[in-house]
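Below is one structure, written out as structure tokens, with a few remarks after it.
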Amino acid sequence: MDFIVEEKPFLVRAGTSFVGRKYHSILTVPNGEQFGNWTWPEMCPEGFYAGGFSLRVESDQYGMDDTALNGIRLYCSKPGDRTFLYSVESHIGYYGDWSDPQWCPSGVLISFQLRVEPHQGLFGDDTAANNIRFRCSSNPTLEGPGMDWGEYGHWSQACSAMGICGIETKMEEYQDDKTIWCHQKTEPQQLDQKEVHTPQ
């Protein structure tokens, strides 16, 4: 009798262990909400890039306080080898369940698009970020299983180097915004979080 054994990848939470990693640029989108503070970056180790992601999403609370998208987890691997993974996620919200990972069929994540519900006013229920799409270097687009409030804004710039290698979140209680980091072989610089910078 023959048995087929599916080998599961080995996964390690990177946390802030690799924040000194070199990167090329910061990818942002213009439709993130104005509230909250930037938390901390988390980076893949050198030689690893994000090839997949999962989301923490709270489902519709039907009249109670909705929070929608509460976390983005990136899965970092070496190109062509997904047997050993690191995860990065920066700050996450408290509510919702993590989705199953989605992966680029080949290649790595290179840009993103955020679905955001605009500010709902003094007595409105603000959810801010609701969902995200990633574009792969092999060209497919992956969409998370988030909520459908709000609209998708413009795509971020694409990584001009290898691919996405980190994330930083802007959080207010029950609201969030995202920044994605790209790899390069130069020293990191102090960067304005509202713009994408590339070395001269």
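The values are calculated or read from the model by the stated rules, or taken from the named source; none is laboratory data. The structure presented is a predicted model; accordingly, all values stated were derived computationally and were not measured. For accessibility, only protein heavy atoms count, side chains too; no ligands or nucleic acids. Shrake-Rupley method; radii C 1.70, N 1.55, O 1.52, S 1.80 Å.
Of the listed residues 95, 75, the order by accessible area with a 1.4 Å probe, largest first, is 95, 75.
Taking all protein chains as they are arranged and a probe of 1.4 Å, the heavy atoms of residue 100 leave approximately 120 Å² accessible to solvent. Taking a ≥ b ≥ c as the square roots of the eigenvalues of the Cα gyration tensor, the stretch 70-120 is prolate, since a/c reaches 1.5 or more and a/b is larger than b/c.
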